[in-house]
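The values are calculated or read from the model by the stated rules, or taken from the named source; none is laboratory data. Because the structure is predicted, anything quoted here is derived from the model rather than measured. When we count neighbours, we look across all protein chains shown, and the Cβ atoms used for this are built from the backbone with ideal geometry, even at glycine.
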Amino acid sequence: MPPTRPRRAAILLLLAVPALCAQTPEPDSKKTPEEERAEYFVANYTKYERRIAMRDGIHLFTAIYAPKDVSQKYPILLTRTPYTVSPYGPDNYADLRNMQGFAKEGFILVLQDVRGRNRSEGEFVNDRPYIPNKQGPRDVDESTDAYDTIDWLVKNVPDNNGNAGIWGISYPGFYAAMAAIDAHPALKAASPQAPVTDWFLGDDWRHNGALFLAHAFAFFFGFGRPWMEPGEVKPHEVSQFEKGTPDGYDFFLRLGPLRNIDPALFGSQAGFWKELLEHSSYDAFWQARNVPLHLKNIRPAMLEVGGWYDAEDLLGPLNVFRGLEARSPQTTDTLVMGPWSHGGWMGDGDRLGNVRFGSKTAEFFRDKIMLPFFVYYLKGKDDPKLPKAYVYETGRNQWRKRDDWPPKDAAARVFYFREGGKLEVTPPSDRAGFDEYVSDPARPVPFTDEVSPGMTYNYMTSDQRFAARRTDVVVYQTEPLAQDLTVAGPIECDLRVSTSGTDSDWIVKLVDGYPGDYPDPKPNPSGVRMGGYQQLVRGEPFRGRFRNSFERPEAFEARKVTKVSFTMPDVYHTFRSGHRILVHVQSSWFPLVDRNPQKFVDIGKAAETDFQKTIERVYHSSEAPSAIKLRVLE
């Protein structure tokens, strides 16, 4: 049954900020931009709520925001989310401030609670796997739910032009990617933004097998709570658990081994927490959730969006892009990577932590890339002529259009670890060179020098001087660069190491070392000193037991020189003249990454007595050279 228009729209209730329309302002009061945008939606859009039936009979709660002007037909832009499409009620409007451009251009905006979440029926499954060979209406996944939703929308929502698009950030980005598989014919464009694509190899919970403890703990603690309307109190459903300290390093260290964490803390997500620990290798559970493997014969135009400094899903957009290039070469797609944290392209994008970019990069993306993309494919006008990759070059701080990614003209350049903490393009000649440190799980290397309860959003540009001063971190650095050096693409780490234990983590960080006379920002309320700043450009952990296979972990042979090689996600960064290229190597990154006992045991079940100090060595000899390979644009 098509939506019917309600009597009127009344109160706008925002999700992320205080209610802005609770009181009528005085006639001479100056409205904030937020108030003006809020009032625009109330004045120009009508909200409807529908429960849309899926092929298996389950109904999904859907909020439809339709333009009041019915003099023309509009495309549909859908977002599917597990987080809630609240506020509920036809007179309560969601915070759509960042969709102002779409509203003024003319779109029907649709939000949907996914299966099993909030007001939608059915069972929720985290990262629900795609079913390749469906046998009937009971075989449902996120692709079929998106298909059935779009099918209902184009047939039942008045004044639509028959074209639909879908977009979303993070988990909703995953649903956008899944909608493009076996897509409904009306789905003409999709934009997975920071999408979840592989929860073992690099998105969210595990990176190269290592558990991102602080992030997973905080997310599941919040995600497991039932949705409550503003003012609604259900004490019996709200956990009274409190950390008792703002210092996450102290909290997680005192908490001890992973087995000390009570899954009941995570409410409805307790089962998935258990699965996260039980599936500690890249088994069928994780392989079924590898999204890029299913990106075959994709018909909608695709816009993959991510941030170079996304602490949660940096790998996702790169994975989708590469999956499309490999399995759907006929698909029109564009990769966009900007200087953003997770979802930062919906803010200003002019800075992250202490690093500034000199312009509102997020505003540029929304106005010049995202909106024109959907306008062209859903309304058929104003081709933006997007390149294959629209990528932001950090360091020089400017947008670049590329016909390929990574750039084919980027030449591989190997930087070898050398004696005396040097980083050089000349291979080592010493036959017995190595650096040694003691890794103590009772005193792990912090991932930040900030006092924070969990994972900080800006750790990916943070100053690494605090880590460089520790005795359990080895540092290699070039001389000051005589000219700019631009790195574009993935980073390959090739280590020769040994441990006195039977397991070890290896964290590699690529760092931009600023010159000592680099100016401080103006104004400078935090009092940061940028002279000598060591900006993290890229850092990743690798759980050493997976050095030969993510499916079949292996113990180390104590004190034996062993090859550990892995690839870190892409960068597009220029080390300016006068700066240094630094590489840090360490064996802990806490509490971002859970502690490795440094003993080959099931870490999820490890006892306190399993954790042991080890002597770690990083070799830089002619017979066992360690290096990092960068792709350099000449």
(message) Against the definition (among the acidic types (Asp, Glu), surrounded by 24 or more Cβ atoms within 10 Å (Cβ to Cβ) and closer than 23 Å to residue 570 by Cα), how does residue 304 come out, yes or no?
(response) yes
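Mind telling me which of the residues 564, 601, 528, 571 ends up being within 24 Å of residue 355 (Cβ to Cβ) and surrounded by 15 or more Cβ atoms within 10 Å (Cβ to Cβ)?
After ruling out the rest, the residue left standing is 571.
With 551, 616 as the choices, which residue is of a type in the set (Asp, Glu), in the same structural domain as residue 431 (by TED's automatic domain parsing) and surrounded by fewer than 21 Cβ atoms within 10 Å (Cβ to Cβ)?
Details: 616 fails: surrounded by fewer than 21 Cβ atoms within 10 Å (Cβ to Cβ).
Only one candidate qualifies: 551.
Pick out, from segment 535-619, the strands (runs of 3 or more DSSP E) lying fully within it that include 1 or more residues that are modelled with pLDDT of 95 or more and under 20 Å from the mean Cα position of the chain (by Cα).
Values: elements: 562-575, 580-586, 614-619.
Ranges flagged: 562-575.
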(request) Could you look through segment 426-453, keep only residues that are under 18 Å from residue 470 (Cβ atoms) and of a type in the set (A, V, I, L, M), and pick out the one that is farthest from the chain's Cα centre (by Cα)? (result) 438
(request) Tell me, please, whether a residue that is under 19 Å from the mean Cα position of the chain (by Cα), of a type in the set (Asp, Glu) and more than 20 Å from residue 200 (Cα to Cα) can be found in segment 323-345. (result) no
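Based on this model, can you work out whether residue 151 counts as at pLDDT 95 or above and at positive phi?
Numbers: at pLDDT 95 or above: yes; at positive phi: no.
Taking the combined requirement at face value, the residue does not satisfy it.
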(message) Here is a list: 518, 514. Which entry is within 13 Å of residue 582 (Cα to Cα) and either at pLDDT below 95 or touching a Phe, Trp or Tyr at 6+ places or on another chain (Cβ under 9 Å) (or both)?
(response) 514
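Can you work out which of the residues in segment 458-471 that are assigned to a loop (DSSP other than H, G, I, E, B) and crowded, with 17+ Cβ neighbours inside 10 Å is farthest from the chain's Cα centre (by Cα)? Before you say what the answer is, go through the steps one by one.
Looking only at segment 458-471, we keep the residues that are assigned to a loop (DSSP other than H, G, I, E, B), and these are 458, 462, 464, 469-471.
Filter once more, keeping what is crowded, with 17+ Cβ neighbours inside 10 Å: 458, 462, 464.
Working: 458: 13, 462: 17, 464: 22 Å.
Among residues in segment 458-471 that are assigned to a loop (DSSP other than H, G, I, E, B) and crowded, with 17+ Cβ neighbours inside 10 Å, the one farthest from the chain's Cα centre (by Cα) is 464.
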(request) Filter segment 472-525 down to residues that are polar (S, T, N, Q) and over 21 Å from residue 597 (Cα atoms) and give me whichever is surrounded by the most Cβ atoms within 10 Å (Cβ to Cβ). (result) 486
(message) Being within 22 Å of residue 321 (Cβ to Cβ) and assigned to a loop (DSSP other than H, G, I, E, B) is the filter here; which residues of segment 334-371 pass it?
(response) 339, 340, 341, 342, 343, 349
(message) Scan segment 529-548 and tell me whether some residue there is under 27 Å from residue 421 (Cβ atoms) and without any contact (Cβ under 8 Å) to a residue 12 or more places away in the chain.
(response) yes
(request) Would you check which residues across segment 42-86 are of a type in the set (A, V, I, L, M), farther than 19 Å from residue 158 by Cα and in a loop (DSSP other than H, G, I, E, B) and list them? (result) 54, 58, 85
(request) Could you tell me whether any residue of segment 374-390 is part of a loop (DSSP other than H, G, I, E, B), on the phi > 0 side of the Ramachandran plot, surrounded by fewer than 19 Cβ atoms within 10 Å (Cβ to Cβ) and among the acidic types (Asp, Glu)? (result) yes
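I'm checking my understanding of the structure. Among residues of segment 472-502 that are in a strand (DSSP E or B) and small (Gly, Ala, Ser), which one is farthest from residue 569 (Cα to Cα)? First the steps, then the outcome.
Narrowing segment 472-502 to residues in a strand (DSSP E or B): 473-477, 485-499.
Keeping just the survivors that are small (Gly, Ala, Ser) gives 488-489, 498.
Working: 488: 10, 489: 8, 498: 25 Å.
Taking the candidates together, the pick is 498.
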(message) Given the options 406, 427, name the one that is closer than 18 Å to residue 493 by Cα, touching a residue at least 40 places away in the same chain (Cβ under 8 Å) and touching a Gly at 6+ places or on another chain (Cβ under 7 Å).
(response) 406
(message) Which condition from (1) touching a strand residue (DSSP E or B) at 6+ places or on another chain (Cβ under 6 Å); (2) touching a residue at least 40 places away in the same chain (Cβ under 8 Å) is the one that residue 85 breaks?
(response) (2)
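Tell me, yes or no, whether segment 129-142 has at least one residue that is of a type outside the set (Asp, Glu), closer than 21 Å to residue 88 by Cα and assigned to a loop (DSSP other than H, G, I, E, B). Please lay out each step first, then the result.
Within segment 129-142, the subset of a type outside the set (Asp, Glu) is 129-138, 140.
Filter once more, so that each one left must be closer than 21 Å to residue 88 by Cα: none.
No, segment 129-142 has no match at all.
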(message) Whether any residue in segment 346-354 is at pLDDT 95 or above and touching an Asp or Glu at 6+ places or on another chain (Cβ under 8 Å) is what I want to check.
(response) no
(request) May I ask you to list the residues in segment 81-106 that are under 21 Å from residue 180 (Cβ atoms) and in contact with a Pro (Cβ under 6 Å, 6 or more places away or on another chain)? (result) 81
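Could you say whether any residue in segment 221-229 is crowded, with 19+ Cβ neighbours inside 10 Å, modelled with pLDDT of 90 or more and either touching a helix residue (DSSP H, G or I) at 6+ places or on another chain (Cβ under 6 Å) or not basic (Lys, Arg) (or both)?
Taking segment 221-229 and keeping what is crowded, with 19+ Cβ neighbours inside 10 Å, we get 224.
If we keep only those that are modelled with pLDDT of 90 or more as well, we get none.
Among the residues of segment 221-229, not one is crowded, with 19+ Cβ neighbours inside 10 Å, modelled with pLDDT of 90 or more and either touching a helix residue (DSSP H, G or I) at 6+ places or on another chain (Cβ under 6 Å) or not basic (Lys, Arg) (or both), which makes the answer no.
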